[in-house]
Amino acid sequence: MAVNERDPHTGYMTTGHEWNGIKELNTPVPRPVYFFLITTALFSFVYWILMPAWPLGVSYTRGLLGIDQTTTVENALKQSELQRAAWTKRIETESYAAIQADAALMKIVRQSGKTLFGDNCAVCHGLNAKGSKGFPDLTARTWLWGGNPETLAETIRVGINTDHPNTRVSEMLGFGRTQVLNRAQVNDVIAYLRTLSGDAAKTPVPAAQREEGAKLFAAQCATCHGDNAKGKVEQGAPDLTDQSWIYGGDQQSILDTIWHGRKGYMPAWEPRLSATDRKILVLYLLDLQTKPQ
Ligand code: HEC
Ligand code: HEC
C-alpha cells in the first residue's frame, strides 16, 4: 500500500486504498455540493429563528416574525364577517324595492338565497322551487296567501297550520267524507270546475251538469274560493281556474281533494331562521318570479 502517491493521469493524490490494482483518488467534494449544503443549512437556521419551529412540550418556539396560521385564519374570518355585516345591515334596513333595484345586493340575495332555500325549503318545494304533489310551485305566480313581499314574509314567518301563535290557518273540507255532498254532486262540481279551467274544451260537459255544478259551487265553495273560483288569499284558498294545481288537476286527484279534504302544513320559520335570512328568502322567491318560465 503506497501512501502519498500521486496519480499521474489526473494529478490527484490517491487515498492509499487499492482493490485488485484499482486505486481510489482523493478527489475533493465538488463546490456546488458544498454550496447547497451551506445554503440549506443557513436557510433552516434562519427559518428556525423567524418562524414557529421547535416543539417545546406544551408550547413551541414562536419565531421572530410571529406568523401564526390560527391568527391568520381568525383574521380572515373577521374580515369576511365585516364584509358580511356591511351587506346584511343593508338587507336588514333597506326596503324590498330598494334592494331589488340594487344589482350588487341582488347578486348576494341570489347566492345566499339559493343556499338558504336549498338547506331549508328544497326538501318540500324542490331545489328549483317548482314543488311537487302536495307542495306548491313557488314559481307559478299563483299564490295561496298573496305574493307581495310583506305577505310572503309573513307566510314564511308563521307558517301554515302550525303551532305558531300567529299561524295562517286553512283547510279544504272533505265534502264527501263528511257527507255534505254525495258522489254525483261531487262529480257535478268537478265538471263545472273543468269548464272553468278550460279542460272541458277536450271533453265537453253537458249543460245541465254544468249548471248543477255551478249551483253547488256557489253554495258550498264560493265562500272560500270566491264567486268566480279565482281563489281568496284571505282564506289561503287557491285559484281553481288556472293550470297550477297543488294536489293534481286530473279527475282522480280533484275527486280525492274534494272527497277527503286537504290541510297542507308549511313550517313556521321564525324559530329557525333570522329575520334577515327570511327577508333574503322572500327576495329570492320574488326574483324567481321574474325569470321566464
Ligand atoms: C315540510 C315541508 C315544507 C318546507 C320544509 C317548506 N315548505 Fe313552504 N309550504 C309547504 C306546503 C305544504 C305549503 C302549502 C300549504 C298549503 O297547501 O296550504 C307551503 C307553502 C309555502 C308558501 C306559500 C305559498 C303561497 O302560495 O302563498 C311559501 C311562500 C313557502 N311555502 C315558502 C317556503 C320557504 C321559503 C321555505 C324554506 C324556508 C319553505 N316554504 C319550506 C311545505 C313546506
Ligand atoms: C273552508 C274553506 C273552503 C271551502 C268551503 C272549500 N275549499 Fe277548496 N280549498 C280550500 C283551501 C284552504 C285549499 C288549499 C288546501 C291546501 O293547500 O292544503 C283548497 C283546495 C282545493 C282544491 C285543490 C287545489 C289544488 O291546487 O290542488 C280543490 C280542487 C278545491 N279546493 C275545490 C273545492 C270545491 C269544489 C269546494 C266546494 C265543494 C271547495 N273547494 C270548498 C278551502 C276551501
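The values are calculated or read from the model by the stated rules, or taken from the named source; none is laboratory data. What you are looking at is a predicted structure, and each value in this text was computed from that prediction instead of being measured. Here Cβ is always computed from backbone atoms with ideal geometry, including for glycine, and neighbour counts include all displayed protein chains. SASA here: full protein model, heavy atoms, side chains in, ligands and nucleic acids out. Shrake-Rupley method; radii C 1.70, N 1.55, O 1.52, S 1.80 Å.
Given a 1.4 Å probe, how much area per residue of segment 14-60 is accessible, in Å²?
For segment 14-60, the per-residue accessible area is 88 Å².
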To the nearest Å, what is the center-to-center distance of segment 55-75 and segment 183-244, using C-alpha atoms only?
73 Å
For 278, 84, give me the order by solvent-accessible area with a 1.4 Å probe, most accessible first, ignoring ligands, DNA and RNA.
84, 278
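Would you kindly state how much longer the chain becomes between residue 102 and residue 51 on full extension, computed as 0.36 nm times their sequence separation minus their alpha carbon distance, in nm to one decimal?
Using 0.36 nm per residue and subtracting the Cα-Cα distance, I get 13.8 nm.
Identify the trypsin sites (Lys or Arg not before Pro) of segment 158-265 meeting these criteria: DSSP loop state and at most 10 other C-beta atoms within 10 Å of the C-beta. Walk me through the numbers before you get to the answer.
Details: sites: 168, 177, 183, 194, 202, 210, 215, 230, 232, 262, 263; in loops: 177, 202, 230, 263.
Sparse-neighbourhood loop trypsin sites (Lys or Arg not before Pro): 202.
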Check residue 7: other-chain or 5+ apart residues with amide H under 5 Å from its amide H, H built from backbone geometry?
12, 13, 14
Give the shape of segment 171-260 as rounded, prolate or oblate, defined through the alpha-carbon gyration tensor: a ≥ b ≥ c are the square roots of its eigenvalues, a/c under 1.5 means rounded, and otherwise the shape is prolate if a/b is larger than b/c and oblate if not.
rounded
Which of the pairs 230/263; 230/279; 114/263; 202/232 have their Cα atoms more than 21 Å apart in this structure?
230/279; 114/263; 202/232
Between residue 183 and residue 151, what length comes free when the chain is fully extended (0.36 nm per residue of separation minus the Cα-Cα distance, one decimal in nm)?
7.8 nm
Viscosity 0.692 mPa s, temperature 37 °C: give me the Stokes-Einstein translational D for the chain in µm²/s, with Rh taken as the Kirkwood radius over C-alpha pairs.
126 µm²/s
Per-residue ellipticity at 222 nm for the chain, helices alone: DSSP H runs ≥ 4 residues times -39500 (n - 2.57), over residue total, nearest 500 deg cm²/dmol?
-15000 deg cm²/dmol
Roughly speaking, to the nearest percent, how much of the chain's 1.4 Å accessible area is carbon and sulfur?
59 percent
Note to self: with every protein chain in place and a 1.4 Å probe, segment 171-260 gives an accessible area per residue in Å² of 54 Å²
Can you pull out the GluC sites (Glu not before Pro) in segment 184-293 that DSSP calls coil and that have at most 12 other Cβ atoms within 10 Å?
234
Would you grab the residues whose amide H sits under 5 Å from the one on residue 24? Only those 5+ places off in sequence or on another chain, please, with H modelled 1.01 Å from N.
15, 16, 17
Check: C-alpha center segment 95-147 vs C-alpha center segment 262-284, spacing in Å is 10 Å
Given unit charges at Cβ for Lys, Arg (+) and Asp, Glu (-), the dipole magnitude of segment 214-293 about its Cα centre in debye, nearest 20, is 140 debye
Among 66, 213, 198: highest mean-square fluctuation, GNM of the chain, C-alpha pairs under 10 Å
66
Would you calculate the separation in nanometres between label points at residue 25 and residue 211, each defined as 7 Å from the Cα along the Cα-to-beta-carbon direction?
12.3 nm
